[in-house]
Structures are given as structure tokens and as C-alpha cells.
1. Residues in segment 25-33: is at least one assigned to a helix (DSSP H, G or I), at pLDDT 90 or above and of a type in the set (Ser, Thr, Tyr)?
2. Condition first: crowded, with 18+ Cβ neighbours inside 10 Å, among the small types (Gly, Ala, Ser), assigned to a helix (DSSP H, G or I) and at pLDDT below 85. Can you find one or more residues in segment 213-224 that meet it?
3. With 113, 188 as the choices, which residue is in a helix (DSSP H, G or I), out of contact with any His (no Cβ under 8 Å at 6 or more places or on another chain), under 25 Å from residue 66 (Cα atoms) and of a type outside the set (Lys, Arg)?
4. Tally time: how many residues in segment 174-202 are of a type outside the set (Val, Ile, Thr) and either within 25 Å of residue 253 (Cβ to Cβ) or in contact with a strand residue (DSSP E or B) (Cβ under 8 Å, 6 or more places away or on another chain) (or both)?
5. Can you find a residue that is acidic (Asp, Glu) and not in a helix (DSSP H, G or I) anywhere in segment 127-139?
6. If residue 70 passes every condition in (1) at pLDDT 90 or above; (2) surrounded by fewer than 17 Cβ atoms within 10 Å (Cβ to Cβ); (3) farther than 20 Å from residue 231 by Cβ; (4) in contact with a helix residue (DSSP H, G or I) (Cβ under 7 Å, 6 or more places away or on another chain) but one, which one does it miss?
7. Provide a single number: the residues in segment 178-204 that are surrounded by 13 or more Cβ atoms within 10 Å (Cβ to Cβ) and either in contact with a Pro (Cβ under 9 Å, 6 or more places away or on another chain) or among the small types (Gly, Ala, Ser) (or both).
8. Taking segment 262-276, which residues are at pLDDT 70 or above, closer than 19 Å to residue 163 by Cβ and not hydrophobic (A, V, I, L, M, F, W, C)?
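The values are calculated or read from the model by the stated rules, or taken from the named source; none is laboratory data. Every value quoted in this text rests on a predicted model; they were computed, and no experiment measured them. Neighbour counts run over all protein chains shown; Cβ positions are idealised from the backbone, glycine included.
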Amino acid sequence: MKRFSQLAIPYIVWGILLIVLPMVLIAFYSVTEDGNGIISFTFTLKHYIRFFTDPDFLLVLWRSIKIAVKTTLICIALGYPIAYFIAFSSDRIRNILILAITLPTWINTLVRTYAWIGLLSEGGVIQQVLNIFGLGHEELLYTEGAVLIGMVYNFIPFMILQINTSLSKMDKSLMEASNDLGANGLQTFLRVILPLSLPGVVSGISLVFLPAVSSFSIPKLLGGGQFFLIGNVIENQFITVGEWNFGSSISLIMAMIMMATMYVVRRLEDYSRGGDKERE
């Protein structure tokens, strides 16, 4: 046991340097006076007050949460049928489909998002296809729809894989028992398959919502600087404006929102598993 604890020391040090220390610095900067990167020991809460009293920042926060919720719901609506099809396919087809879903994630997010700029731009492939049906007069790029497309495209693999894992682990004999008891396909899905797959859905929600609400590269590229989310505001405070203290306060606010979201998701996951952890 002592040997294993010694082997864990490098990982603990690495975690402190890359996770704990940056969070401590962000928390420290968020409650101190402006110093443009220089550490100040004058403590204040004015950065938090500024954020919660400025309607513009609250509007951006609300817009970010709304976009993240829309992205999550779309990922569930599109990802569940795909995951269902994969889970009940043959082993060979399942492996091919999972590879096809995970393969794009091997490419950098920025590269994949840049590809959507070409597809959605004026005269792009998507607009040319829409022109055939007389629907190509609307601008696609630099809109909320473009940002949603980019979000869903980048994050839906996480939803599909989580749901597929839950469905694959499901005891198939339960479906046979449901059929033997006279349940039709819809009743079997609603009373057997869906409840057993809820842990995967809940895990997928956390893996989609959290990065979506804090994303800054996708809105910046597909929104063209006209569609600001909270991640863009944080980036702007650190890189453009140079208000590190205010940017740190917004970062900490987002961290607290994410922690609260993870707590809610964890409780939902416990509930979907039958409340086993609560009984423990």
C-alpha cells in the first residue's frame, strides 16, 4: 500500500500544478483590485458586483445557458436514435459505426469548425443544395443557427457514446420478458429500454452542456464576432481588454455554475439508477 501511495505522488503534484494552483490564482485575482496581471493584495468584491449589476453581462450569460440547453436537447433528439441503432446492430456494424462517430474527434476542434465556415458560407455546399429547393436566400453563416450547428456537430459524439454504452450493457432478456408479457414495441421501449438508458442520457447531458455553455472558439468562428457567449467575454477580458481580475471573477462564476450543474446531474443519475446511492 505504501508503494502505491508513493507512485501516486507525481500525479498529485501534477494535479496541484495544473488544476489546483490555477484555480487558486483565479479565485485570488477575482477578489483583488485591478493590477493588469500584477498581484495586488487589496481585496474587493466589486468585480462580482459589476457582473451581476450589468444587464449586458447577464444577457450574455443567459444567452450562453440558452444555447447550451438547445445544444443538449438537439444532441439528445439526434443522438438517442443513433445510439439505439448502434446498440442493437451486429458486432461488426457496431464497431464500424462507433469508429465513424469517434473518427472526427481525432481532428482538432478548430479545424472541424473552420470546415463548417466553408460549408455555411455564401455559395457553400449547403446553400447550393438549399437553392435547389428555393430556400437558399437566407444567410446561414454568422447566425445563432450556425453556432448551434457547430456546437451539435462537435459535442454529439459524447452523447451518442454515453447512451450507446448504457444500451449495450442492458440485459436483453428483459426485452424478451416484456414481449412475453404482451407488451408491444412502444411499451417495451417506454417501460424497459428508456428507464435503463437514462444513466447514459444523464451522463451525456453533462458531457454536452458543460463544454457548450463555456465554449468560445465555436461562437467566435461561426458567429463572426457578432454572437458573443460568456466564453468569448472571458477570453476578451484576458486577451483584449487586459482586465484579468474581472475575467477571473467571471471564470469563477462559471465554475460555480458548472459545479452546480454537475451536482444536479449527479443527483439525476442517482435517481435514474433507482436511488441506490441514497439508500446506501
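1. no
2. no
3. Numbers: 188 fails: under 25 Å from residue 66 (Cα atoms).
Matching residue, one of 113, 188: 113.
4. Of all residues in segment 174-202, those of a type outside the set (Val, Ile, Thr) come to 174-187, 189-191, 194-200.
Filter once more, keeping what is either within 25 Å of residue 253 (Cβ to Cβ) or in contact with a strand residue (DSSP E or B) (Cβ under 8 Å, 6 or more places away or on another chain) (or both): none.
Selection size over segment 174-202: 0.
5. Initially, segment 127-139 is screened for residues acidic (Asp, Glu), giving 138-139.
This time we only want the ones that are not in a helix (DSSP H, G or I), so: 138-139.
Yes, segment 127-139 has at least one match.
6. All conditions are met except number (3).
7. Residues that pass the stated criteria total 6.
8. 266, 269, 270, 271
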